[in-house]
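To start, the structure under review is shown below, and the notes come after it.
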Amino acid sequence: MRADLQKADLVSLKVDAVSRSAWLKVDRPNKALDLETIREGMRQFSAEFGGEMITETMLLQGLNDSPREVQGIAEFLASLKPHKSYIAIPTRPTTVKGILPASGQALNMCYQVFRKRLPRVELLIGEGGNEFGYSGNIENDLLDITSVHPMSEKNVREYLNKAGAEWRIITELIEKGFLTELKYRGKKFYLRRLPRKP
C-alpha cells in the first residue's frame, strides 16, 4: 500500500487515537489490525513520501478528547511531519447512537496543543458544502449520495433547487421506504434506508 501511495500527489492520513483503548472505541477496527503496526507503517510512509501529506483527527466527546490522548496524538503527528493537520468533529449523524462531537473547550485545547507541535492546524467543524454531482435522475442521485453521505435538510433543499426539482420527491422517497429522516443535534438529515439482511 505504501508503494502504491507513492504515486499520489496528496495523501491524507487519519489519526484519531494513539492509545489502544481510544482507538478501539473511536475507529472500531477489524480485530486482525494492530495499532502499532499501522503507526509504524505511517512513519515509514511519511519518511519516503515526496508529495503533500495531511492528517485528519476526528475528536469525539469522552472517547479521544482527554488532554493525555490529545498530547499523544500531537506527538505522533509531529513525527510524521505533515504539511497540514485538520481537527474535525462529526457534523452529520454517526453510525452509532450517542456519539457526540467534542466540546468547544476540548476543541480549543486540542487546537492549542497541536499548534505547539505542528506547522499548520485547521478546524473542520462546519456542516460542509453541497457540491454533489447531478446525472439527470434526481431520485437515483439522492439515493446514491445519501447511501454514503447523510444530507442536511438545507443541503437537500439546495440540491433540489439546483436540479429544478420539488420537495415532493423527498416525501415520496420516504413514503416508499427508500429514504429516512432523522434528527442530529437539532437538525434534520436524510439518509438512504438500506435493506435489512434476512
**Q.** Any hit, segment 96-107, residues being assigned to a strand (DSSP E or B) and modelled with pLDDT of 95 or more
**A.** no
Q. When C110 is evaluated against the numbered criteria (1) buried (at least 20 other Cβ atoms within 10 Å of the Cβ); (2) not in a helix (DSSP H, G or I), which criterion, by number, is the only one it fails?
A. (2)
Q: At least 2 residues that are crowded, with 18+ Cβ neighbours inside 10 Å and modelled with pLDDT of 95 or more in each: list the helices (runs of 4 or more DSSP H) lying fully within segment 1-95 that qualify.
A: 20-27, 35-48, 67-80
Q | Selected residue (criterion: farthest from E139 (Cα to Cα)) from residues of segment 166-186 that are open to solvent by less than 60 Å² (accessible area, probe 1.4 Å) and part of a strand (DSSP E or B) | A | Y184
Q.
Go through segment 92-112 and report how many residues are within 16 Å of K14 (Cβ to Cβ) and hydroxyl-bearing (S, T, Y).
A. 2
Q) Within the set of pairs 6 or more residues apart or between chains, which connect a residue that is closer than 19 Å to S12 by Cα inside segment 51-73 to a residue that is basic (K, R) with Cβ atoms less than 8 Å apart? A) M53/K81; I54/K84; T55/K14; T55/K84; E56/K14; T57/K14; M58/K14
Q. Under 6 Å by Cβ, and 6 or more places apart or on different chains, what pairs join a residue from segment 19-38 that is under 18 Å from T57 (Cβ atoms) with one that is open to solvent by 90 Å² or more (accessible area, probe 1.4 Å)?
A. L35/R20
Q) List the pairs whose first member sits in segment 136-156 and is polar (S, T, N, Q), whose second member is open to solvent by 50 Å² or more (accessible area, probe 1.4 Å), and whose Cβ atoms are under 6 Å apart, counting only residues at least 6 apart or on separate chains? A) T146/L191; T146/R192; S147/R192; S152/K187
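The values are calculated or read from the model by the stated rules, or taken from the named source; none is laboratory data. What you see is a predicted model, and the numbers here were worked out from it, not measured in a lab. We place every Cβ from the backbone using ideal geometry, glycine too, and count neighbours over all the protein chains shown. Remember, those area values only see protein heavy atoms, side chains included, never the ligands or the DNA or RNA. Shrake-Rupley method; radii C 1.70, N 1.55, O 1.52, S 1.80 Å.
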